[in-house]
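Visitor: Input: one structure, supplied below.
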Amino acid sequence: MSRPEAWRRVIASYVPPESLTRRTRAALSGLGYRVVPAATRGRFDDDTWEPDIRIVDEQHLDRLPAEPYLPRIPIVVLTGSRPLPCHDPRVVGSILRPATLERLYPILQSALEDHPRGTARAATHIQARCTQADRRWSGALVSLSQQGCLFRTGEAMAEGLELNMLFPLPLGRMVSTRARVVRRRGELVGMQFTSQAETIRDAVGKYVEVRLATHQLA
């Protein structure tokens with residue numbers, strides 16, 4: 001099938017729309033994953049279509065086309081409260097429905113990417129500051145995820161440095177977290193969050209999803 005340059009991966013969806021949260025579907029699009037309903041391709045067991053990965057309900061796994069030869073197309077299974085036993089070697093993960101981006105994204109990354117990420121990230125421009133004792137650094141977050149951020153600053157920051165980071169999210173929510181410098185390239189500093197309250201993690205995750213879902217990439 002033809003694929004617009006913006007789409008990096010095609011996900012074949014064999015589940016009804018409500019099996020993925022609305023924001024998850026939109027955020028996947030913002031990340032370059034095109035979700036294509038299998039119904040648009042004709043029969044459920046169409047073996048002429050080769051998407052990058054398939055999503056199917058556990059009750060209909062046996063309806064997917066057989067693939068006796070390698071490489072097989074990986075499958076993500078959506079389950080109810082009690083997942084059924086599955087021995088299909090194509091299955092790379094199973095999650096509860098409706099699928100959220102937080103649970104689905106790392107499975108997609110692990111199955112499809114050479115250098116998988118654990119959490120989705122979004123481009124941002126948020127003023128931030130870091131402190132350690134009497135030292136101060138100021139700059140801006142140019143990307144953000146639940147695991148960390150990319151911090152732009154003209155001030156020196158050595159790898160391994162641990163500090164406090166403070167930055168605002170919409171609606172007046174301030175994020176305060178511990179972070180560690182993991183790499184630096186010019187003015188861009190990669191930071192990993194090392195201590196984060198669950199409420200803060202959830203707020204950051206929601207913010208990232210909204211930006212991706214609305215395709216706010218800068």
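The values are calculated or read from the model by the stated rules, or taken from the named source; none is laboratory data. Here the structure is a predicted model, which means the values were calculated and not measured. Cβ atoms come from the backbone with ideal geometry, glycine included; neighbour counts cover every protein chain shown.
Visitor: Let me confirm something: among P116, P98, which residue is loosely packed, with under 14 Cβ neighbours inside 10 Å and touching a helix residue (DSSP H, G or I) at 6+ places or on another chain (Cβ under 7 Å)?
Guide: P116
Visitor: Inspect segment 154-164 for any residue being of a type outside the set (G, A, S), touching a Leu at 6+ places or on another chain (Cβ under 9 Å) and either over 23 Å from S13 (Cβ atoms) or not assigned by TED's automatic domain parsing to the domain that holds V15 (or both) and give the result as yes or no.
Guide: Yes, there is a match, as at least one residue in segment 154-164 is of a type outside the set (G, A, S), touching a Leu at 6+ places or on another chain (Cβ under 9 Å) and either over 23 Å from S13 (Cβ atoms) or not assigned by TED's automatic domain parsing to the domain that holds V15 (or both).
Visitor: Of the conditions (1) assigned by TED's automatic domain parsing to the domain that holds G172; (2) over 27 Å from A27 (Cα atoms); (3) without any contact (Cβ under 8 Å) to a residue 40 or more places away in the chain, C130 fails just one. Which one is it?
Guide: The one condition C130 does not meet is (3).
Results for (1) more than 17 Å from G205 (Cα to Cα); (2) charged (D, E, K, R); (3) in contact with a strand residue (DSSP E or B) (Cβ under 6 Å, 6 or more places away or on another chain), shown as yes or no for each residue.
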| residue | (1), (2), (3) |
| --- | --- |
| D134 | yes, yes, no |
| S138 | yes, no, yes |
| M157 | yes, no, yes |
| P170 | no, no, no |
| G190 | yes, no, yes |
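Visitor: So, one more: If we keep just the residues of segment 60-114 that are touching a Pro at 6+ places or on another chain (Cβ under 8 Å) and among the β-branched types (V, I, T), which is farthest from T21 (Cα to Cα)?
Guide: Filtering segment 60-114 for residues that are touching a Pro at 6+ places or on another chain (Cβ under 8 Å) and among the β-branched types (V, I, T), the one farthest from T21 (Cα to Cα) comes out as I73.
Visitor: Of the conditions (1) touching a residue at least 40 places away in the same chain (Cβ under 8 Å); (2) among the polar types (S, T, N, Q); (3) in contact with a helix residue (DSSP H, G or I) (Cβ under 7 Å, 6 or more places away or on another chain), T79 satisfies every one except a single condition; which number is it?
Guide: Going through (1) touching a residue at least 40 places away in the same chain (Cβ under 8 Å); (2) among the polar types (S, T, N, Q); (3) in contact with a helix residue (DSSP H, G or I) (Cβ under 7 Å, 6 or more places away or on another chain) one by one, T79 breaks only (1).
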